[in-house]
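*Asks:* Take a look at this one; I'll ask things after.
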Amino acid sequence: MTKSVLFACNMNSVRSPMAAALLRLEAGDRLKVDSAGVYEGGLDPFVEIVMRELGVAMEGHEPKTLSEVDLGNFDVVVALTPEAAIEARKRLPRAAIEFWDIENPSEERGGRDAIIAAYARVRDELRQKLTRRFPEIYEKA
């Protein structure tokens, strides 16, 4: 059984903090969950908006880079961008890394509603993938 998971994306500002917060919400203290990025970033304000819709507060998120994290402390690293997968493979065997191709909602163009909808789609896609990948966490007794 997986005991620790690191989610990685480019700047630890959108996809990886969302994935980590969603899994943490369900797993509680059953899993060690963290997130990091290839580059330094800051939490995207649209992440806070769409996560708040689920009652998940993001205020405690402190963005960090992969170089600040000991990847060997995690059973699995889930790379959410090709760049994160490349960086993780420099430090871990391929078997310890999963790649989930998740779109970047910050590339959405249009009004505020369209942008929020793009972030919500990514959040919901992450929830679906998490449910399938970690059935032991998501199955209801």
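*Asks:* State the number of residues belonging to the range 34-52 that are closer than 12 Å to ALA118 by Cβ and at pLDDT below 95.
*Replies:* Of the residues in the range 34-52, 1 are closer than 12 Å to ALA118 by Cβ and at pLDDT below 95.
*Asks:* Give just the number: which of (1) of a type outside the set (D, E, K, R); (2) crowded, with 19+ Cβ neighbours inside 10 Å; (3) modelled with pLDDT of 95 or more does HIS61 not satisfy?
*Replies:* Failed condition: (3).
*Asks:* If the requirement is being in contact with a helix residue (DSSP H, G or I) (Cβ under 6 Å, 6 or more places away or on another chain) and within 19 Å of LEU31 (Cβ to Cβ), which of these qualifies: LEU92, LEU66, LEU71?
*Replies:* On the way: LEU66 fails: within 19 Å of LEU31 (Cβ to Cβ); LEU71 fails: in contact with a helix residue (DSSP H, G or I) (Cβ under 6 Å, 6 or more places away or on another chain).
Step by step, each of LEU92, LEU66, LEU71 is checked, and only LEU92 is in contact with a helix residue (DSSP H, G or I) (Cβ under 6 Å, 6 or more places away or on another chain) and within 19 Å of LEU31 (Cβ to Cβ).
*Asks:* Before we move on, is ILE137 touching a residue at least 60 places away in the same chain (Cβ under 8 Å), more than 13 Å from the chain's Cα centre (by Cα) and over 25 Å from PRO45 (Cα atoms)?
*Replies:* yes
*Asks:* In addition: Could you check the range 60-84 and list, in sequence order, the residues that are assigned to a loop (DSSP other than H, G, I, E, B) and among the hydrophobic types (A, V, I, L, M, F, W, C)? If you could, list the steps in order and put the result at the bottom.
*Replies:* We begin by selecting, within the range 60-84, every residue assigned to a loop (DSSP other than H, G, I, E, B); these are 60-64, 69-70, 74-75, 80-81.
Once the filter is applied, which keeps residues that are assigned to a loop (DSSP other than H, G, I, E, B) and among the hydrophobic types (A, V, I, L, M, F, W, C), the range 60-84 yields VAL69, PHE74, LEU80.
*Asks:* Continuing with the same structure: Given the residues LEU71, LEU31, LEU23, LEU43, which is the only one that is within 13 Å of the chain's Cα centre (by Cα) and within 19 Å of SER4 (Cα to Cα)?
*Replies:* LEU23
*Asks:* I would also like to ask the following. Which of the residues spanning the range 67-97 are under 15 Å from ALA19 (Cβ atoms) and not β-branched (Val, Ile, Thr)?
*Replies:* Of everything in the range 67-97, those that are under 15 Å from ALA19 (Cβ atoms) and not β-branched (Val, Ile, Thr) turn out to be PHE74, ALA79, LEU80, ALA84, ALA85, ALA88.
*Asks:* Sort out which residues of the range 1-59 are in a helix (DSSP H, G or I), touching a strand residue (DSSP E or B) at 6+ places or on another chain (Cβ under 8 Å) and touching a residue at least 12 places away in the same chain (Cβ under 8 Å), and write them in order of number.
*Replies:* Within the range 1-59, ARG15, SER16, PRO17, ALA19, ALA20, LEU23, ALA27 qualify.
*Asks:* For the range 74-99, what are the residues that are exposed (fewer than 15 other Cβ atoms within 10 Å of the Cβ) and within 15 Å of the chain's Cα centre (by Cα)?
*Replies:* PRO82
The values are calculated or read from the model by the stated rules, or taken from the named source; none is laboratory data. The shown structure was predicted, so the numbers you read here are calculated from the model rather than taken from an experiment. Cβ sites come from the backbone with ideal geometry, for glycine too, and all protein chains shown count toward neighbours.
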